[in-house]
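Visitor: Take this structure first; my questions come after.
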Amino acid sequence: MLLSDKENSASKFFILTAVFWLVVGMTLGLTGAIEFVAPDASTGYGPLTFSRIRPAHVNTVAFGWLSMANIGIALYIVPTLTKVKLFNEKLANFVCILWNLAILAGIACLVHGYSEGREYAELPVPIDVVVLIGLLSLSYVIYMTVIHRKVKKLYVSLWYILGAFFWMPIVYFIGNRTFVRLDGLNDAIVNWFYGHNILGMWFTTLGVGIAYYMIPKLSGKPLWSHSLSMLGFWTIAFFYAPTGTHHILQAPVPEWLKALAVVFSVALVIPVITVLTNFFMTMKGSWWQLANNLPLRFVLTGALFYLFTCIQGPFQATRSINWYIHFTQWVPGHAHAALLGTFTFFNFGAIYYILPRILGRQFYSVGLAKAHYWFTFIGFNIFYFVFTVIGLIQASGWQQGMEVSQWSIALEPYWFYRAFGGALMWFGNVLFLINVFMTWRGAKPLDPPDEEPAMSVKRTGV
Amino acid sequence: MNKNYILPGFVILVSFSLIIFTTVLLPHFIFHPEPSEYAVEYTELEAKGRDIYRREGCVYCHSQFVRLQDRGFGPLVQAGDYVYDTPNLLGTIRTGPDLSNEGGKHPDAWHKAHFINPRTITPGSIMPPFVHLKEDDMEALIAYVQSLGKKRLKKYDRIYRPDEYVAKLEKRTVDVNSSAAANAGRGIFQQNCATCHGTHGLGNGPNAIALAKKPANFSRPFYKDYDDVTWFWRVSEGVPGTRMPQWRKKLTDEQMWYLVAFLKTLPRVNEVYPHSYETLEPDKWLEQLKASEAELNSEPKAMLIETKGPPPMAGGGH
């Protein structure tokens, strides 16, 4: 019963558990944010300390929520685009169980201080091995599905998904190679090769691939340009991976490596512009759909944040801007804009579309879904804006060479606003969890079935 | 498999291998800085402390590299400083200050009190309390923090108590903690010192403009650590190489003790809470924090000596 062979069961379990981890991860994040307002809130209990919670938060949202939701959505998209059953549903279900155990163990380890200490690679070795086995098995399942496909031509989403499942296991392996001991700075170089590529070759590629599938599906319009989408794919493939060193641009690592990172980071403007041009031109003439098509609204809000992040990103990587904003909260603001603003919103849209189709029933409540949108959207805007402002205050503090304690008091209200924005988002996502849970349990829908076209199974069909 | 997809697959494979070669393997082959003078080969205790630093996640708030534009964190770091630092703890966020040259900036007891509760040392700090550290872990962590930068910014060396000055304590007739003494000292200060050190001891008296080596600014935080004897010694002996006179040639011991009483009352940037850090106890930190907060709020914070009438003019209008 556990290892079900039912069509889309793996996709379903991945998505359902991902939503659970989302709320867990956000709770951890919110706890951390509150501790900036009330630093003694941990009352001296080790696992509650901000610095223990932070890696747990990052790893839960990155591997628990975002990766699992992305995988779940990919496991739905791949069979629909190739018109065959998933190659090995059982294996995918097995990975889902494995992965959930890994996340649970991961959180427990991290809050108790069993951390490798490298950003994004904190999970201890045994969990790394489990995650890697999961990734490789999923790659195998997805590649085999595509090889047995009934549709000759590969739609662009498949390119992205296939790319991600090729790159990620390699990147993950390199990032967590604890058995090779490297000297301090070499260790940092490899750490950031990994730290950045998990975003570039995994979250971005899967996220953009998902958006390429969702936007035409949800708006009912064909993709504007296939050749442009391929240009975007190839430029990501060529330009993304060497950029990691821009995280340590001012550390004493070799200059040529930094130069390489800056040049390629700036070149990333190209894929971003091609991807967004394609999205927005596809929407041309149907923007009115945003009014009553909630999943589409989620995806396009994500696209808007993608525009922000990815204009910020390349400029941030240039030496003159990095000089100013490095080390400040501006940077986590940017990271949240990418992972939370963009890819999480893509995933929300996709889940609102996919889940009713997998479960074969309406979403429990359209009202809750709308509240979810507004809480996360407004919460995120506050959150992101405040991060940026804090970053600028800190930047000027560092730049003037004043003691931290001289200007850190000035940040006090902003830590509060940040926690407030976070609390709004957290609340929105608790609503989301309730909504998903009730849908899964088959509760009777609260709203008339045809109110939100994309979320109702009957009108659009599978 | 469709032949059309063999070429793209090949291109992806080759391009990604190339990227891994240039950004992962190549630095590993050709980038091997020699250990610099400041690369720390950690002792067993320090290495343990480093593990605790990593375990407690200090790296999420503290960086360990000084950039060109940073001031106050010591000299720019070199590639060779990091040879023994595995895993790297460079950090990407600075919520607190950079720690690459933290060693020697503060005494051990300061660090201990600060880790038990940062807010008793730096009011308004958002650093979490690390009371949950066991005694030996705390010791190791402090040893590690003190090893950073090999004490190249050692400051508390200046808190020096020459024996002949310690001996003077016995003959002291002035109660340096009384406000009467501080008031007396204030008068002497305005007459003799304000021209250089400024009426509020900020180092900005009118003569300061003309001096190449500027007079000391007594609001700087590290004067928090000066004790009576150190103050007395500094005033008495002057500062060689600067225009700070040897006051023992002009003032009596009694007058200098009055000055010490006054200098002690000058507000420091980040005034320490009234409870001194030596008495902070891990299991009572919360109560102690509350007690000192209450104490602090009940006392006027800034200039403890009240001035009647308009503030004295700079340059001895008193």
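Visitor: So what is the relative contact order of chain B, in percent, for Cα pairs below 8 Å that sit 6 or more residues apart? Don't skip to the answer; put the middle values down first.
Guide: On the way: 432 pairs, mean separation 56.1, N = 318.
Averaging sequence separation for qualifying contacts and normalising by length gives 18 percent for chain B.
Visitor: Name the residues of region A:210-247 whose amide N is less than 20 Å from a point 7 angstrom out from the Cα of B:L68 along the C-beta direction?
Guide: A:245-247
Visitor: In addition: Of B:K112/B:K151; B:K48/B:K134; B:K150/B:K224; A:K370/A:K444, which sit over 20 Å apart, Cα to Cα?
Guide: Details: B:K112/B:K151 17 Å; B:K48/B:K134 13 Å; B:K150/B:K224 23 Å; A:K370/A:K444 18 Å.
Where the Cα-Cα span goes over 20 Å, the pairs concerned are B:K150/B:K224.
Visitor: Moving on to the next point. Given region A:1-52 reduced to its alpha-carbon atoms as identical point scatterers, what log10 I(q)/I(0) does the Debye formula return at q = 0.23, 0.31 Å⁻¹?
Guide: With no solvent term, the Cα-only Debye profile gives -0.82, -1.10.
Visitor: Normalised by the empirical 2.2 N^0.38 Å for globular proteins, what value does the Cα Rg of region B:162-298 take?
Guide: 1.16
Visitor: Probe radius 1.4 Å, ligands and nucleic acids ignored: give me the carbon and sulfur share of the accessible area of region A:143-281 as a rounded percent.
Guide: Details: 3120 of 4220 Å².
Reported share for carbon and sulfur atoms: 74 percent.
Visitor: Also, quick follow-up: Helix-only mean residue ellipticity at 222 nm, chain A, DSSP H runs n ≥ 4 weighted -39,500 (n - 2.57), per residue, nearest 500. What is it? Walk me through the intermediate numbers first.
Guide: Numbers: 19 runs with 316 residues, N = 462.
Value at 222 nm, helices only, nearest 500: -23000 deg cm²/dmol.
Visitor: Return the loop-located chymotrypsin sites (Phe, Trp or Tyr not before Pro) in region A:126-234 (DSSP other than H, G, I, E, B) with at most 15 other Cβ atoms within 10 Å of their own Cβ; answer none if there are none.
Guide: Values: sites: A:Y140, A:Y143, A:Y155, A:W159, A:Y160, A:F165, A:F166, A:W167, A:Y172, A:F173, A:F179, A:W192, A:F193, A:Y194, A:W202, A:F203, A:Y212, A:Y213, A:W224, A:F233, A:W234; in loops: A:Y155, A:F179, A:W224.
Passing sites in region A:126-234 are A:F179.
Visitor: State, as an integer percentage, the relative contact order of chain A based on alpha-carbon contacts under 8 Å between residues 6 or more apart. Walk me through the numbers before you get to the answer.
Guide: Values: 686 pairs, mean separation 73.5, N = 462.
That works out to 16 percent.
Visitor: Quote the convex hull volume per residue of region A:254-310, based on C-alpha atoms, as a whole number of Å³.
Guide: Convex hull of Cα atoms, per residue: 69 Å³.
Visitor: What distance in nm separates the simple spin-label points at B:L202 and A:S396, each placed 7 Å from Cα in the Cβ direction?
Guide: Simple spin-label model gives 2.0 nm for this pair.
Visitor: Averaged over every viewing direction, what's the projected area of the C-alpha convex hull for region B:97-233? Give it in nm², one decimal, please.
Guide: 11.4 nm²
Visitor: What does the net charge come to around B:M244 if you take all other residues with beta carbon closer than 11 Å to its beta carbon, with K and R at +1 and D and E at -1?
Guide: Details: positive: B:K213, B:K214, B:R234, B:R243; negative: B:E237.
Computed value for this residue: +3.
Visitor: Just the accessible area per residue of the protein assembly as shown, please: how many Å² with a 1.4 Å probe?
Guide: Details: 31510 Å² over 780 residues.
Per-residue accessible area for the protein assembly as shown comes out at 40 Å².
Visitor: List the lysines whose Cα lies under 20 Å from the Cα of B:K171, skipping any in the same chain that are fewer than 8 positions away.
Guide: B:K249, B:K250, B:K264
Visitor: Given the options B:N177, B:N101, B:N117, state which has the largest fluctuation in a GNM of chain B using a 10 Å cut-off (strictly under) for Cα springs.
Guide: Sorting by GNM fluctuation, first place goes to B:N177.
Visitor: On full extension of the chain, what length is gained from B:L211 through B:K250, given 0.36 nm per residue of separation minus the C-alpha to C-alpha distance?
Guide: Values: separation 39, 0.36 × 39 = 14.04 nm, distance 2.11 nm.
The span from B:L211 to B:K250 would gain 11.9 nm if fully extended.
Visitor: For q values of 0.15 Å⁻¹, compute log₁₀ I(q)/I(0) with the Debye formula on a Cα-only model of chain B, without solvent.
Guide: -1.28
Visitor: Summarise the partner chain shielding of A:161-171 as one whole number: the mean count of Cβ atoms from other chains within 10 Å of each residue's Cβ. Could you put the intermediate results ahead of the total?
Guide: On the way: counts 0, 4, 3, 0, 0, 4, 3, 0, 0, 3, 3.
Neighbouring Cβ atoms belonging to other protein chains average 2 per residue here.
Visitor: Express the carbon and sulfur contribution to the solvent-accessible surface of region B:168-297 as a percent, rounded to the nearest whole number, probe 1.4 angstrom.
Guide: Values: 3410 of 6640 Å².
Ligands and nucleic acids excluded, carbon and sulfur give 51 percent.
Visitor: Where a ≥ b ≥ c are the square roots of the eigenvalues of the C-alpha gyration tensor, would you call chain A rounded, which needs a/c under 1.5, or, failing that, prolate if a/b is larger than b/c, or oblate?
Guide: Details: a/c = 1.41, a/b = 1.32, b/c = 1.07.
Because its axes are fairly even, with a/c under 1.5, chain A counts as rounded.
Visitor: Can you work out the PRE-style zone for A:K444? Point 7 Å along Cα to Cβ, and I want the residues of region A:349-379 with backbone N under 16 Å.
Guide: Residues A:362-366 fall inside that zone.
Visitor: What helices does chain A hold that run 27 Å or longer along their axis, going by alpha-carbon atoms, with a Kyte-Doolittle average of 0.5 or more, using DSSP H for the helix calls?
Guide: On the way: long enough: A:9-37 (43 Å, 1.60); A:89-111 (33 Å, 1.75); A:125-147 (33 Å, 2.17); A:156-175 (28 Å, 1.70); A:294-316 (32 Å, 1.09); A:366-399 (49 Å, 1.02); A:412-441 (43 Å, 0.58).
What comes out of the filter, once short or polar helices are dropped, is A:9-37, A:89-111, A:125-147, A:156-175, A:294-316, A:366-399, A:412-441.
Visitor: In the neighborhood of A:A121, defined by Cβ-to-Cβ distances under 11 Å, what is the net charge if each Lys or Arg adds +1 and each Asp or Glu adds -1?
Guide: Working: positive: A:R118, A:R177; negative: A:E116, A:E119, A:E122, A:D128, A:D187.
My count for the surroundings of A:A121 gives -3.
Visitor: Rounded, prolate or oblate for the protein assembly as shown? Axes are the square roots of the Cα gyration tensor eigenvalues, ordered a ≥ b ≥ c, and the cut-off for rounded is a/c under 1.5. Display every interim value, and only then the final one.
Guide: Working: a/c = 2.52, a/b = 2.15, b/c = 1.17.
Prolate is the answer for the protein assembly as shown, as a/c is 1.5 or above and a/b outweighs b/c.
Visitor: Taking both sides together, what accessible area is buried at the B/A interface, probe 1.4 Å, expressed in Å² and rounded to the nearest 100? Could the numbers behind the result be given before it?
Guide: Values: alone 18840 and 18960 Å², together 31510 Å².
Counting both chains, the buried surface is close to 6300 Å².
The values are calculated or read from the model by the stated rules, or taken from the named source; none is laboratory data. Remember, predicted model here, so these are calculated numbers, not experimental data. Positions of Cβ are generated from backbone atoms using ideal geometry, with glycine treated the same way; all protein chains shown enter the neighbour counts. Just the protein is used for accessible areas: all its heavy atoms, side chains included, with ligands, DNA and RNA removed. Shrake-Rupley method; radii C 1.70, N 1.55, O 1.52, S 1.80 Å.
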